[in-house]
1. Being surrounded by 19 or more Cβ atoms within 10 Å (Cβ to Cβ) and within 16 Å of ligand 3 (Cβ to nearest atom) is true for just one of VAL27, VAL6, VAL74. Which residue is that?
2. Every residue in region 346-399 that is of a type in the set (Gly, Ala, Ser) and under 21 Å from ALA424 (Cβ atoms), please.
3. May I ask you to list the residues in region 70-123 that are within 16 Å of ligand 1 (Cβ to nearest atom) and among the β-branched types (Val, Ile, Thr)?
4. Scan region 245-275 residue by residue and report those that are at pLDDT below 95, of a type outside the set (A, V, I, L, M, F, W, C) and away from ligand 3 (no atom under 11 Å from the Cβ).
5. Just the residues that are out of contact with any strand residue (DSSP E or B) (no Cβ under 7 Å at 6 or more places or on another chain) and of a type in the set (Gly, Ala, Ser), please, taken from region 126-160.
6. Check off (1) surrounded by 17 or more Cβ atoms within 10 Å (Cβ to Cβ); (2) in contact with a strand residue (DSSP E or B) (Cβ under 6 Å, 6 or more places away or on another chain) for LEU79 and give me the number that stays unchecked.
7. Specify which of the listed residues (ARG233, ARG281) is assigned to a loop (DSSP other than H, G, I, E, B) and either within 21 Å of VAL380 (Cβ to Cβ) or within 16 Å of ligand 2 (Cβ to nearest atom) (or both).
8. List pairs: first in region 252-265 and assigned to a helix (DSSP H, G or I), second polar (S, T, N, Q) and away from ligand 2 (no atom under 11 Å from the Cβ), Cβ under 6 Å, 6+ apart or cross-chain?
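The values are calculated or read from the model by the stated rules, or taken from the named source; none is laboratory data. Since the model is a prediction, treat every value here as computed from it, not as a measurement. Cβ placement follows ideal geometry from the backbone for every residue including glycine, while neighbour counts extend to all protein chains displayed.
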Amino acid sequence: MSGPAVFKFGGTSLGDGERTGRVARIVAGAGSPPVVVVSAPAGMTEALVALATGRSQDDGASLVDAARRIAAEVGGEDLADLIERMVAERVVAFRSSGGAGSSPAARDALLSLGEDVSTAIVHHALVDAGVDAARVDARNLIRTDDRFGAGEPDPAAIRRAAEERLLPMAAEGRVAVVQGFVGATSDGRTTTLGRGGSDLTATLLGAALESSAVHIWTDVDGILTGDPRWVARPLSLDVVGFEEAVELAWFGAKVLHAGAAKHAVAHRLPVRIRSTFAPERPGTLVLAERWGGPDIAAVACKRSVALIQVRSRPTAIEYGFLAGVFGTLAEHRTPVDLVATSHTSTAFTIDEGAEIGALAEALDHVAEVDVRRGLSTVTVVGRGLLREPGFAARVFQTVAFTPVHLISQATDSSLSFLVDDEEAEALVRRLHLVLIEGRAGRDASAHGARGAG
Ligand code: ADP
Ligand code: ASP
Ligand code: MG
């Protein structure tokens, strides 16, 4: 028998009283009680990061105001006062631990505030809607190592804790409300899982409980063929395969966290992406097995990427070159997106936010290094792309007038182009128009896509 479903609500579903009311109605209307995972209200983690890094000079007053407003809309003045105290106390504790100069552990304690606030608010809204609900602190469920800011989850410990704390609640018909994004070390210090990490909390708990399904509730009608902020007429995909989902997440489709998609693949956990604002629609089902194709799923874009070009020195021994480069990346724990390589040089992309200076300095020992910033990757994702007749011709014709810094294709489920940031939006639109809208016009139903509404 499978365990309770996990419902994860993103910040976009929690920004005000009206939205929180929708969340409560969705949970109240679920057939059997789900485990509810919530993100911080939209914008709150961003504001906390600004405070934690000293980018914001705010004394915390605007954070208090924003949290108070939502709490007052959901539960009136008593809840608002409670939330206000919670925010103020945490900001004061962060200041007294050294403020922007304080330890990564103190920063995580501050960043977890957004999810602590929203679980308190959602719990209140659920009880108000007549749901038998109780809060379960994620610190007692999501065990991680002590890499603050990017805690590595311990699935065995999470499974034990979930079985012990969540299964009995499910058996009694109670809804557990858990913070996404938040975890703790074995000695109880708060950690966070990295930005967008609430999706990962949902799939970690889903796997631990052997859930029937994980539902990621957000502000769009599933995985779309393009980012709706850029593409005028994106289609919603009925079904995507895990490989497509992982590639899309990794290459910028923010709707699903890449780590969450990978974790779901590993545990064959069905994931459904759905809209809190149109709960009657089925959204997108992400399935472990999805054969067939060829089929183009979507066009994704990842901003703020840096290109590192590394040329081996003429005297270097060639067979150690790539090992030297990638060994250095591993030592610096820097994930790589795209890679292209020749006999004497290699080029790869990493996040602009990575510690590029230190990495370039380390690589300088093995090779000559060039760094270029301000770039974006634009990626076409699908299945069996190279088997699709005319696919390459259509893509390259569409990209023809855009200066490209690097092209990369490792499997036949994605083809990526590295372009200047200012070229990215137009290229995404053109590729979507030619590859997806053009084809949908010819035969929408044959490709399992429908209008995003
Ligand atoms: P949440 O707060 O629910 O976690 P996110 O902001 O993390 O929401 O993700 C949802 C957003 O992802 C959407 O509002 C949309 O703007 C963006 N997005 C980017 N690419 C895609 C895509 N291919 N399909 C759906 N949404 C996308
Ligand atoms: N609140 C966290 C963030 O903004 C986690 C999440 O929303 O998934 O990154
Ligand atoms: Mg998200």
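1. VAL6 is the lone residue from the list that is surrounded by 19 or more Cβ atoms within 10 Å (Cβ to Cβ) and within 16 Å of ligand 3 (Cβ to nearest atom).
2. The initial filter retains those residues of region 346-399 that are of a type in the set (Gly, Ala, Ser), namely 347, 353-354, 357-358, 360, 362, 367, 374, 376, 382, 384, 390, 392-393.
Scanning region 346-399 gives ALA347, GLY353, ALA354, GLY374, SER376, GLY382, ALA392.
3. Initially, region 70-123 is screened for residues within 16 Å of ligand 1 (Cβ to nearest atom), giving 70, 111, 114-115, 117-119, 121-122.
Result: ILE70, VAL117, THR119, ILE121, VAL122.
4. Selection gives GLU247, GLY252, GLY259, LYS262, HIS263, HIS267, ARG268, PRO270.
5. ALA129, GLY130, ALA150, ALA156
6. Going through the list (1) surrounded by 17 or more Cβ atoms within 10 Å (Cβ to Cβ); (2) in contact with a strand residue (DSSP E or B) (Cβ under 6 Å, 6 or more places away or on another chain), LEU79 breaks only (2).
7. Values: ARG281 fails: either within 21 Å of VAL380 (Cβ to Cβ) or within 16 Å of ligand 2 (Cβ to nearest atom) (or both).
Going through ARG233, ARG281 in turn, just one is assigned to a loop (DSSP other than H, G, I, E, B) and either within 21 Å of VAL380 (Cβ to Cβ) or within 16 Å of ligand 2 (Cβ to nearest atom) (or both): ARG233.
8. If the second residue must be polar (S, T, N, Q) and away from ligand 2 (no atom under 11 Å from the Cβ), the pairs left are ALA260/THR203; HIS263/THR203; ALA264/THR203.
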